[in-house]
Structure formats: structure tokens, C-alpha cells
Amino acid sequence: STTYYYRIRAYSGGGTSGNSNATTVLTTPGPPLATPATGVSTTGFSANWNASAGAAGYYLDVSTDAGFTAFVSGFHNRDVGSVLTCAAGVLSPYTRYYYRVRAYNAGGTSGHSNTVEIFTIPDTPVAGAATAVTDTGFAANWSDGSGAAGYYVDVSTDAGFTALVSGFNNRDVGNVFTCSVTGLSASTTYYYRIRAYSGGGTS
């Protein structure tokens with residue numbers, strides 16, 4: 001991102017000519033530094049990067065492969081202007097994505113930034129009816145959260161989940177679809193809810 005000028009003189013055995021006209025050249029910006037994604041959700045994230053000195057704007061690529069051969073629709077060489085963040089949406093739950101950035105100015109376009117990898121969050125699971133209900137417990141059940149690595153279970157005596165049952169506050173039960181809840185009181189109403197998690201975060 002620096003302006004340079006050049007000129008030429010011809011020479012021979014007889015001497016050297018005068019200067020040519022001067023030509024102006026603007027060098028391209030250096031590659032930006034891509035930083036970790038923020039706002040990762042089930043269907044999107046925000047790509048981020050540091051400013052590249054002298055850049056007029058940036059191009060963003062988002063792909064489902066590290067070689068950037070399977071671009072997300074609308075995110076192949078996307079001109080995002082002079083901002084340093086861009087929301088990438090309409091993505092799939094629990095899917096690995098990659099992004100990279102290039103800076104540009106009137107002189108041309110920089111090389112690629114480093115590549116950042118993201119996992120979107122799994123779908124929210126759907127809790128089903130409890131089974132195996134007894135005076136001291138029940139089995140909590142739920143459906144798959146679209147490729148979740150595992151699940152957290154909360155059990156409470158109130159619908160607002162302010163009175164959580166001991167041992168069932170964000171309990172990591174792993175990659176199963178049922179969980180035995182024991183040590184409860186007879187003739188008592190309980191509530192349960194589930195969250196799916198993966199490398200990208202928690203639903």
C-alpha cells in the first residue's frame with residue numbers, strides 16, 4: 001500500500017538519454033490476519049480479521065473444505081467493503097466451515113490471510129416424555145441434536161429452572177438420548193430440559 005514512481009533512461013556508447021515520463025505504481029496491501037469467529041450459532045457466525053494497512057476493502061471466502069474448493073453460496077470472493085467483520089449465515093448445524101480474507105486497493109489484491117476453522121452449533125434437541133417413572137425417579141428422553149458430540153441435562157422443581165436438582169445442573173451425559181434421574185421425592189412435579197454441544201459450542 002505504498003505509491004512508487006519510476007522512470008527510464010536509455011544509454012549507448014554515445015551517452016545517456018534524458019529521463020522518460022514518470023509512471024506511478026501503488027503496491028497492493030499486505031495480507032490481513034484472520035482472527036477467530038464470533039457469534040457462532042446453529043446457522044452462522046461472524047468472520048473477523050485485522051486491518052491491513054492501506055486497504056480499501058476486503059474479499060471474504062467461506063468454504064466447507066480447507067482447500068476452498070466447495071464455497072458457500074455468496075461467499076466466494078465476496079466484497080465486504082472496508083469492514084473488519086462479516087456475518088456468514090444460512091449455514092448448516094454442526095458443520096465445519098473455513099474462512100479466509102484478502103485485502104485490496106487500487107493497486108490490486110493481497111495474498112490470502114491465514115485460514116480460520118469453525119464448527120457451527122448443533123440443532124436444539126427436542127425433549128420427549130419421561131419414561132420409567134417411579135416415586136423416586138424417571139428416565140429423561142430427547143431426540144438427536146444433528147450430530148451433537150453430547151448433551152447437558154437440567155432437572156428442576158420449577159419451570160423457570162431456578163431450583164435445580166443436585167447433580168442435574170448442566171449435567172454432561174455424553175452422546176446418549178436418555179438419562180436416568182434418581183434420588184427424587186415422591187408426589188413431586190419435576191421439569192427437565194436438554195442442550196446439545198459440539199466443538200462449536202452449545203445449543
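Some notes on this structure:
- Just so you know, the Cα atoms of region 73-150 work out to an Rg and Dmax of 21.5, 76 Å.
- Taking the chain and dividing mean pair separation by its residue count, relative contact order in percent (alpha carbons under 8 Å, at least six apart): 18 percent
- For region 103-188, dividing the convex hull volume of the Cα atoms by the residue count gives 153 Å³ per residue.
- Euclidean distance of C-alpha centroids, region 21-66 and region 92-162, integer Å: 26 Å
- Once all protein chains are placed together, T69 keeps about 120 Å² accessible to a 1.4 angstrom probe.
- Pairs of Cα atoms nearer than 8 Å and 6+ residues apart set the relative contact order; for region 123-186 it is 36 percent.
- With the convex hull drawn around the C-alpha atoms of the chain, the volume per residue stands at 146 Å³.
- Region 1-52, accessible surface, carbon-and-sulfur percent (1.4 angstrom probe): 53 percent
- Packing rank of 30-37, 165-172, where each peptide gets the mean count of other beta carbons within 10 Å, highest leading: 30-37, 165-172
- Highest-first arrangement of 187-193, 103-109, where packing means the average Cβ count within 10 Å: 103-109, 187-193
- The ratio of the alpha-carbon radius of gyration of region 1-81 to the globular-protein estimate 2.2 N^0.38 Å is 1.87.
- Normalised per residue, the accessible area of region 1-65 is 57 Å², obtained with a 1.4 Å probe and no contribution from ligands, DNA or RNA.
- For region 85-203, the relative contact order works out to 28 percent when only alpha carbon pairs closer than 8 Å and six or more residues apart are counted.
- Gyration tensor verdict on region 125-171 (Cα atoms; rounded if a/c is under 1.5, prolate if a/b is larger than b/c, oblate otherwise): oblate
- Top positive-direction residue, dipole computed over the chain with Cβ charges, set A70, S110, G89: S110
The values are calculated or read from the model by the stated rules, or taken from the named source; none is laboratory data. These numbers come from a predicted model, not from an experiment. In this analysis, Cβ positions are derived from the backbone assuming ideal geometry, glycine residues included, and neighbour counts consider all displayed protein chains. Quick note on the areas: whole protein, heavy atoms, side chains included, nothing else; ligands and nucleic acids left out. Shrake-Rupley method; radii C 1.70, N 1.55, O 1.52, S 1.80 Å.
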